[in-house]
Every structure is written in C-alpha cells, then in structure tokens.
C-alpha cells in the first residue's frame, strides 16, 4: 500500500512540475479559485435552502464539479437534488 501511495505522490508531483514548465499553471489556479468560491456559494445556499430540504452535500466531487463548471455546476447540483429528492 505504501508503494502505491508513493507512486501516486510521484505522479502528482510530476504533473505539477509539468504544469509549471508548460505555463498551464494559471488554468489549475483558476479551477481552484472556482472551487473555493463555488463551495462558499454552496454553503450560503445550503443555509438558505436547508429549511426547504434542498441542501446539497459538499464533498470533493461536488467541489470539483463546481470548480470545472462554475455557476452552471452549482445549478446542475441543485437541479439534481430537486430531481432525486
């Protein structure tokens, strides 16, 4: 198990160095910025919509969806919550 963790860490570090070398690090920073702002917006919406029963769980997957899609991602998550119930 330790070997797998070290391999994943090494692959992640190589990917990070690749992003720095090719100048695509701004894209990664943009996704992280969208994730932080999106999770903050979802926290606020969860406070407002918890009484109605429309709170969406915040985890790594929902943060990634919001980070990649932005506002449409937030709308998608809440629409899925309404549909699933």
Here the chain gives, from Cα atoms, an Rg and Dmax in Å of 16.5, 48
Sorted on mean Cβ neighbours within 10 Å (highest first), peptides 46-59, 5-18 come out as 46-59, 5-18
Dividing the mean separation of Cα pairs under 8 Å (6+ apart) by the residue count of the chain yields a relative contact order in percent of 27
With label points set 7 Å from each Cα along the Cα-to-Cβ direction at residue 18 and residue 61, the distance between them in nm comes to 2.5
For the chain, longest principal axis from Cα atoms; helix 2-22 axis from its Cα atoms; angle between them, nearest 10 degrees, is 90
In degrees rounded to 10, the 0-90 angle between helix 25-49 Cα long axis and the longest Cα principal axis of the chain is 20
Rounded to the nearest 10, the angle in degrees between the Cα long axis of helix 60-69 and the longest principal axis of the Cα atoms of the chain comes to 90
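Read-outs throughout are calculated quantities, based only on the coordinates presented, and are distinct from any laboratory measurement. Remember, it's a predicted structure, so these values are computed and weren't measured experimentally. Cβ sites come from the backbone with ideal geometry, for glycine too, and all protein chains shown count toward neighbours.
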